[in-house]
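The values are calculated or read from the model by the stated rules, or taken from the named source; none is laboratory data. The shown structure was predicted, so the numbers you read here are calculated from the model rather than taken from an experiment. When we count neighbours, we look across all protein chains shown, and the Cβ atoms used for this are built from the backbone with ideal geometry, even at glycine. Note: accessible area is taken over every heavy atom of the protein model, side chains too, but ligands, DNA and RNA are not part of it. Shrake-Rupley method; radii C 1.70, N 1.55, O 1.52, S 1.80 Å.
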Amino acid sequence: MTSVGDEYLFLSHARTALLIGSLAVSSCGRFTSYSSFPPQNHHASCTLLYKKPFVESFEETPLLVAVLTYMGYGILTIFGYLRDFLRDWKFEKCHLAREREEQKDFVPLYQDFENFYTRNLYMRIRDNWNRPICSVPGAKMDLVERVTPDYNWTFEHTGNVLKDVINMGSYNYLGFAENTGTCADAASECTVKYGVGVSSTRQEIGNLDKHEELEKLVAGFLGVESSMAFGMGFATNSMNIPALTGKGCLILSDELNHASLVLGARLSGSTIRVFKHNNMQSLEKLLRDAIVHGQPRTHRPWKKILILVEGIYSMEGSIVRLPEVIALKKKYEAYLYLDEAHSIGALGPRGRGVVDYFGLDPSDVDIMMGTFTKSFGAAGGYIGGKKELIDYLRLHSHSAIHATSMSPPITQQIITSMKCIMGEDGTTLGQERLCQLSENTTYFRRRLHEMGFIIYGNNDSPVVPLMLYMPAKIGAFGREMLKRNIGTVVVGFPATPIIESRARFCVSAAHTREMLDKALNAISEVGDLLQLKYSRKNRHGSEGTDCFSFLESHQD
């Protein structure tokens, strides 16, 4: 397969279907414009990989906004050093963690810059995180009100509760995070029968019939030979990748992969090389170089090459170009590890993740990983694949050997919700939730685009990043939204690049149109207040830059 570019621009022309576009990289390091599936008149082999348009938007950061953002961080840094000077001379009270006097000659326990950033930048907006919740985090939730007497160093609860806050931050994609209904009833019955904890590992006395039932159900749901469940999603990646690769192996990792994938790759001892996000040219170059040159110094062939990608990238809202990744993996005889933490249950006509979304064969993915913490409203993770793979992991995975088994009521929650999605509960509730999530996602993204916000990601992704950029607007946006009874997640450096701070919304099937409209009205109001409507794209589709009208005119 000839590699196609990183992003494909829409070009409107009377006799042109879809022409390939080049990647536009801004001075701030971001790519821009819309992407679709590969064009019909170029790279025909790639065109056949996609059965429907693949549309993503990554509008570049406006130059003035980037300059002002850097200036904002610069001013905060200068004042931070000034405040540290005042703290050293006892003019300002020091709340921060410090080395004890008797350890002054030791190697510092805390990294200097991280500590500086925490006390002088993070503390200014710390009230936007770790808010205590006192209800089920469903479509709405109740928050415990708190105040700070010392500028976010400590918090005190007032005793008041903020009722019915619209939850736009939880990964409750299908609305199964609830305390009523069939899932809650089944989990309660399971608790009465089995208790809450197992107090043992799977290899000892912690292997319940419920675990066996869950793993058979997951294998059938994914369309693979076998699967294995783990009690923690993060550990599913970090503890299983080291069991699959080691010294003499090569891992090719997307630059925006989750921390659990990064940690697992590092713990494996394998050589790690990073390719640009969703850039098939970058991935193919690394694969080609790996085959041609082999291992460093010795130039022996790599024992195995493992590609690590995610289904939906939780900070970007983008969907992996899986058809192209699979084509490259087959061409260069590499292995593919797919993390479907955010895509399983949230994508595809049957809710079976990104493989289902693209209509691909599950057997083309060597290791299918996912979590139960999002769409299933539970906890833990799974790995699916061939029976030989799962049998190997049962004996060699640290998480399988040493970790305590999954809690029985959590196991039952997953079984009940998964059967609901599959329609095995005798109802159409699962399919209705899948359709509702798709409708809510399309509506929410379209409205934000029309309002003039810069939003990232794929049109079908329920993860919706809205760009804030400037550090002062991170805290202001979170506080202003809470004043309007909307709970949001704001994200800044180091979780994102320093000039790409954002608010991240997660759309749920449990959200009604009324809830979404209320949230959108609040977002628009706060956007006007903080001047966040940075987009310079055409909002009404009168020109060729509107991908929605363009797609409709080229459906056949």
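Coupling constants for the range 350-362 follow from the phi torsions by the Karplus curve (6.51 cos²θ - 1.76 cosθ + 1.60, θ = phi - 60°), and in residue order they are 10, x, 9, x, 5, 5, 5, 4, 8, x, 9, 8, x Hz; glycine and proline get x. Of the labelled figures (1) 31.8; (2) 25.7; (3) 29.2, only one reflects mean projected area of the Cα convex hull in nm² as derived from the coordinates, namely (3). DSSP finds beta bridges in the chain, and of those with both partners inside it, around 65 percent are antiparallel. Under the convention that each Lys and Arg Cβ holds +1 and each Asp and Glu Cβ holds -1, the size of the dipole of the chain around its Cα centre is about 860 debye. Summed over the residues of the chain and divided among them, the accessible surface reaches 45 Å² per residue at a probe radius of 1.4 Å. Per-peptide packing, taken as the mean over residues of other Cβ atoms within 10 Å, places 74-83, 469-478, 233-242 in the sequence 233-242, 469-478, 74-83 from highest down. Per-residue Karplus couplings for the range 53-65, computed as 6.51 cos²θ - 1.76 cosθ + 1.60 with θ equal to phi - 60°, are listed in order as x, 10, 10, 9, 9, 9, 6, 5, 5, x, 4, 4, 5 Hz, Gly and Pro entered as x. Computed over the range 387-520, the Cα gyration tensor eigenvalues convert (square root of 5λ each) into semi-axes of 35, 24, 14 Å, ordered from largest to smallest.
Computed across the range 338-450, the Kirkwood hydrodynamic radius from all distinct Cα-Cα pairs reaches 15.6 Å. Taking the protein heavy atoms of the chain in the context of the full set of protein chains, the accessible area attributed to carbon and sulfur is 55 percent at 1.4 Å.
Taken over the C-alpha atoms, the range 64-124 has Rg and Dmax values of 14.0, 49 angstrom. Each peptide in 289-301, 339-351 gets a packing score, the mean of other Cβ atoms within 10 Å over its residues, and the list from highest to lowest is 339-351, 289-301. Couplings 3J(HN,Hα) for the range 260-274, derived from phi with the Karplus relation 6.51 cos²θ - 1.76 cosθ + 1.60 (θ = phi - 60°), are 5, 5, 5, 5, x, 5, 5, 5, 6, x, 6, 6, 10, 10, 10 Hz, where x marks Gly and Pro. What percentage of all Cα-Cα pairs in the range 270-364 are separated by more than 20 Å? More than 20 Å apart: 39 percent of the Cα pairs in the range 270-364.
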